[in-house]
Amino acid sequence: MTTDLPAFDILSAQYEMLPPGAVVICAVSGGADSMCLLHLLTRREDLTLHAAHFNHRLRGTESDRDEAFVRDWCETRSIPFHLGSGDVAGEAQRRKMGIEETARAMRYGFLSRLALELKADRIATAHNADDNAETLLMHLLRGTGLGGLGGIDPVRWKYVRPLLTTPRSDIDAYLNTHRIPHVEDSTNAGDDYLRNRIRHRLLPLLEEWNPGFLSRMTHTIPRLRSDNETLEDLAGQLSRQAQQEGETGDWVIPAPLLAAAPDPIALRAVRQLVGEANEGDWDCSSAHLTSVLALCRSENPSGEIHLPHSLTARREYDRLILTHEGPPQSLTPFTPQPGYTPIPGTVWAVLLENDPWPGLVVRPRQIGDEITLPNGHRRSLKKLYIDKKIPRLLRDSLPLAADDEGVIAVAGLGPNLAHPRKERVTFIKITEKEENGQ
């Protein structure tokens with residue numbers, strides 16, 4: 001079926017937004033855009049249509065007026081009506097977020113839950129071409145990358161936006177032609193919010209200076225989005241080379257892979273990895289991403305960057321690790337007892353033959369520690385740890401045995417061949433079976 005809004009028909013068909021037989025929830029505020037969308041969807045007899053309205057409780061009686069208007073319009077046309085509401089102002093205070101951001105989160109939460117409850121195939125929202133241009137300009141004014149210049153996604157999860165390439169002027173004409181009523185949100189008339197200032201001042205000025213600006217923006221935004229999607233796909237090929245390791249599920253990727261990639265791909269790959277590590281939350285500033293990439297490219301083979309959500313990006317030689325675990329605690333010195341003794345906080349156990357002697361201790365490294373190697377050369381532990389590429393953050397948790405005559409043995413490196421009691425102390429790496437008592 002075609003309508004008298006060609007852009008609506010073209011975009012819907014291009015993305016298969018409204019397939020025949022679909023269960024569709026239409027998000028309806030009662031404003032011009034959403035009433036236009038709701039009316040368009042009522043003309044599709046092959047859809048199962050539901051209307052959903054969220055009362056933000058921000059405008060007192062006006063909010064209740066909008067709710068009643070949408071409810072009455074739906075009831076007179078036998079459209080199932082679903083209501084959500086919440087104290088946005090109170091929730092914004094609790095979350096320490098802005099009113100607009102909180103309202104959006106609560107509204108979309110309501111719509112998503114309703115879609116799961118109704119087993120809906122689509123959630124249609126009434127974002128239009130003017131909204132898309134405003135979003136791009138907002139991102140541009142605040143500072144953004146190519147992703148922000150792609151505007152509003154036409155399709156994301158179950159959400160579809162069939163009016164995204166339809167200008168507001170065409171929507172107004174459609175409402176007049178079909179005599180469709182709507183309500184006005186009084187907050188849209190003011191200039192308190194950046195979006196309103198862009199809508200009332202900047203867009204008209206750009207259109208005046210350069211007639212056809214909105215139309216050209218509508219055609220430019222999809223090209224920018226396509227460019228960004230291509231870069232995201234290339235970044236995905238890189239980020240998918242990361243692997244999860246250990247009980248904590250750390251994400252590990254060779255740092256040289258990221259270091260060698262061009263910035264537009266490498267930075268996106270880092271953000272994708274942050275999203276994986278944070279179970280889908282990609283919240284990370286460009287400064288954080290740039291710092292992680294710099295860590296991969298640094299000549300210093302160790303270091304770490306602290307990211308949102310208690311995530312740490314840690315460089316260990318050629319490995320970049322994204323972990324929620326803090327660095328291991330430094331080993332607490334103790335005197336070993338005869339037999340096999342697991343060392344708390346490590347993957348090592350110490351095996352001591354006979355009784356301990358005065359001065360014997362298991363401890364972390366100290367300045368000046370050295371051992372004699374099988375080739376007869378004496379080396380400092382500091383240099384040996386570097387040669388063996390033992391991460392700097394792990395070195396203080398690596399146990400060694402020592403007494404008044406110096407280092408006896410080092411976990412992972414073996415005995416000090418120059419020490420007279422080198423055969424009496426041994427470090428054994430605990431296997432998974434041993435840890436589980438098998």
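The values are calculated or read from the model by the stated rules, or taken from the named source; none is laboratory data. All values derive from a computational prediction rather than experimental measurement. We place every Cβ from the backbone using ideal geometry, glycine too, and count neighbours over all the protein chains shown. When the accessible area is computed, the model is the full protein with side chains, heavy atoms only, and any ligands, DNA or RNA have been set aside. Shrake-Rupley method; radii C 1.70, N 1.55, O 1.52, S 1.80 Å.
Per residue, how large is the accessible surface of the stretch 25-168? Use a 1.4 angstrom probe and give square angstrom.
Heavy-atom accessible area per residue stands at 45 Å².
What number results when the radius of gyration of the stretch 199-325, computed over Cα atoms, is divided by 2.2 N^0.38 Å?
Cα Rg divided by the expected 2.2 N^0.38 Å: 1.35.
Would you mind classifying the stretch 19-166 by shape? Square roots of the alpha carbon gyration tensor eigenvalues, ordered a ≥ b ≥ c; an a/c under 1.5 is rounded, otherwise it is prolate if a/b is larger than b/c and oblate if not.
Cα axes put the stretch 19-166 in the oblate bin.
Can you tell me which of Ile428, Ile79, Ile265 moves the most in a GNM of the chain? Springs connect C-alpha atoms under 10 Å apart.
Ile428
Starting from the Cα-Cα distance between Lys389 and Ala294, subtract it from 0.36 nm times their residue separation and give me the gain in nm to one decimal.
Length difference between fully extended and current span is 32.2 nm.
For the chain, calculate the relative contact order in percent as a whole number, restricting contacts to Cα pairs under 8 Å that are 6 or more residues apart.
For the chain, the relative contact order is 10 percent.
How big is the stretch 146-207 along each principal axis, measuring the range of its Cα positions in Å and listing the largest first?
Principal extents (Cα only, largest first): 38, 30, 23 Å.
What is the Rg over Rh value, at two decimals, for the stretch 252-349, using alpha-carbon atoms and the Kirkwood definition of Rh?
1.13
Using the C-alpha atoms of the chain, what convex hull volume per residue, in cubic angstrom, is computed?
198
Running a GNM on the chain with Cα contacts under 10 Å, which residue among Ser186, Ser298, Ser12 ends up with the highest mean-square fluctuation?
Ranking Ser186, Ser298, Ser12 by mean-square fluctuation puts Ser186 first.
Within the set of other residues whose C-beta is less than 13 Å from the C-beta of Leu293, count the net charge using Lys and Arg as +1 and Asp and Glu as -1.
So the surrounding residues net to +3.
Using a cut-off of 18 Å between alpha-carbon atoms, which aspartates and glutamates can reach Lys389, once sequence neighbours fewer than 8 places away in the same chain are excluded?
Glu299, Glu304, Glu316, Asp318, Asp369, Glu370
Considering only protein heavy atoms, what per residue accessible area in square angstrom results for the stretch 225-352 with a 1.4 angstrom probe?
Dividing the accessible area of the stretch 225-352 by its residue count gives 52 Å².
Please build a GNM for the chain, connecting alpha carbons under 10 Å apart, and tell me which residue among Val28, Val410, Val292 fluctuates the most.
Looking only at Val28, Val410, Val292, the biggest GNM fluctuation is shown by Val410.
Against the 2.2 N^0.38 Å scaling, with N counting residues, where does the stretch 90-186 land? I'd like the Cα-based Rg ratio to two decimal places.
1.26
Per DSSP helix of 4 or more residues, -39500 (n - 2.57); summed, then divided by the residues of the chain. What does that give at 222 nm, rounded to the nearest 500?
Estimated from H runs of four or more residues: -12000 deg cm²/dmol.
Give the lysines reachable from Lys422 as a straight Cα distance under 16 Å; neighbours fewer than 8 places away on the same chain don't count.
none
In a shell of Cβ-Cβ distance under 9 Å around Arg395, excluding Arg395 itself, what net charge do Lys and Arg (+1) and Asp and Glu (-1) give?
So the environment of Arg395 carries a net charge of +2.
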